[in-house]
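The values are calculated or read from the model by the stated rules, or taken from the named source; none is laboratory data. Since this is a predicted model, take the numbers as computed values, not measurements. Positions of Cβ are backbone-derived with ideal geometry, glycine not excepted, and every protein chain shown enters the neighbour counts. Heads up: the accessible areas ignore ligands, DNA and RNA and are worked out on the full protein's heavy atoms, side chains in. Shrake-Rupley method; radii C 1.70, N 1.55, O 1.52, S 1.80 Å.
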Amino acid sequence: RASLLAVYATVLSVGFAIGGLLLSLLGAQGWIPWAAGACLFLLGSIPIGLLRGPGLVPPDRLEAGPSQVWKVGRLVPVAILAGLVFGAVETGVFSLFPVYAERLGFNVQTIGTFVMVGALGAIAFQIPAGKFADRFGRQTALNIISGLTLILSLMIILAGRNTVLLYPMLFTFVGCASAYYTLGLALMGERVPPTSMATGNAA
């Protein structure tokens with residue numbers, strides 16, 4: 001389960017990497033970056049428009065309502081917390097780290113490269129983390145990733161403007177932290193029936 005979810009999370013991370021690459025190549029001035037972003041959204045709409053499959057039956061209110069979200073949250077609080085941490089790290093790296101880097105004096109191209117390097121870490125770490133979790137246990141993998149993420153976040157602060165240290169640290173930090181999402185979903189799958197997985201993901 002963790003290995004399969006890791007593939008999903010890897011594809012998600014590819015999108016973040018493309019955004020960082022565009023920022024690095026196109027900068028943040030003028031209409032060209034906006035046009036590039038619009039083209040990405042247009043490309044993303046094509047598979048949705050072509051999607052064909054069996055008729056989907058919407059869940060009833062009892063399966064997808066607020067009470068079910070609360071119930072899933074009580075069943076797997078660690079998984080929900082892992083999702084919370086992933087969201088905080090994702091926001092921090094892709095929204096707040098560029099501001100932090102700009103205040104350290106880095107230019108837009110370097111900041112875009114930072115974002116891309118972090119996303120590449122997320123791409124590289126997902127599948128190995130999923131396989132490790134399937135072999136040694138999801139909780140064990142989550143504990144190791146938590147320790148590494150904490151240590152690396154402190155080291156990034158201490159690195160300051162040293163790009164020789166920042167690039168590998170960001171790569172590893174985002175790679176480890178992104179696995180929170182994969183492992184959280186895998187943990188949820190152990191305790192939540194398949195029909196409630198979407199509700200758990202929403203929680």
### Task
With a 10 Å radius around each residue's Cβ, average the other Cβ atoms per peptide and rank 12-24, 65-77, 181-193, 83-95, highest first.
181-193, 12-24, 83-95, 65-77
### Query
So, with a 1.4 angstrom probe, what is the percent of accessible area on region 144-203 that is carbon and sulfur?
72
## Note on the structure
The long-range amide H neighbours of residue 28, using H built 1.01 Å from N in the peptide plane and a cut-off of under 5 Å, are none
## Note on the structure
Rh (Kirkwood, all Cα-Cα pairs) for the chain, Å, reads 18.4
### Message
Taking θ = phi - 60°, what integer Hz values does the Karplus form 6.51 cos²θ - 1.76 cosθ + 1.60 yield along region 189-199, in sequence order, with x for Gly and Pro?
### Response
x, 6, 10, 10, x, x, 5, 9, 4, 5, 5
### Message
Can you give me the angle between helix 138-159 and the longest principal axis of the chain, using Cα atoms only, in degrees from 0 to 90, rounded to the nearest 10?
### Response
20
### Query
Can you give the helix-only mean residue ellipticity at 222 nm for the chain, where every DSSP H stretch with n ≥ 4 adds -39500 (n - 2.57) and the sum goes over all residues, rounded to the nearest 500 deg cm²/dmol?
-27500 deg cm²/dmol
#### Entry: Listed residues 123, 151, 48, most fluctuating in the chain (Gaussian network, C-alpha, under 10 Å)
48
### Query
Mind checking the angle between helix 32-50 and the chain's longest principal axis? C-alpha axes, 0 to 90 degrees, to the nearest 10.
20
### Query
Most mobile of 30, 49, 118 per a Gaussian network model of the chain (Cα springs, under 10 Å)?
49
#### Entry: the chain, accessible area per residue, ligands and nucleic acids excluded (1.4 Å, Å²)
59
## Note on the structure
For the chain, longest principal axis from Cα atoms; helix 2-26 axis from its Cα atoms; angle between them, nearest 10 degrees, is 30
